[in-house]
1. Are any residues in the stretch 45-67 of a type in the set (A, V, I, L, M) and either under 18 Å from Tyr30 (Cβ atoms) or at pLDDT 80 or above (or both), and if so, which ones?
2. Select from the stretch 7-33 the residues that are surrounded by 12 or more Cβ atoms within 10 Å (Cβ to Cβ) and over 24 Å from Phe65 (Cα atoms) and list them in ascending order.
3. Can you find even one residue in the stretch 13-33 that is modelled with pLDDT under 80 and among the polar types (S, T, N, Q)?
Amino acid sequence: MKLRKFLLSPFGKTLLLLMGLALYYLVFIYPLNSITSKLLYPETQTAPGTILSIKNAVLVFLYIFPLLGRLLYQA
């Protein structure tokens, strides 16, 4: 009963959200990030001072598309 009360508190919900995001990163993002870092050569990326490189764009799409797909599927 105490665990249920803790998980329903705002701190418990935040903790569950952070643990879910960490698990999502470890399962879906980290393997793809390691593959893309080996596939993308420095010549294909933009200058280091720019905001958006190819690798960063790929990572943004890897974060956004699965979440958007899940949200659209549930709607």
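The values are calculated or read from the model by the stated rules, or taken from the named source; none is laboratory data. In this text the structure is predicted, and so the values were computed from the model without any measurement. All Cβ positions, even for glycine, are placed from backbone atoms using ideal geometry, and neighbour counts span all protein chains on display.
1. Listed by number, the residues that qualify are Ala57, Val58, Leu59, Val60, Leu62, Ile64, Leu67.
2. Leu7, Gly12, listed by residue number.
3. Yes; the residues of the stretch 13-33 include at least one that is modelled with pLDDT under 80 and among the polar types (S, T, N, Q).
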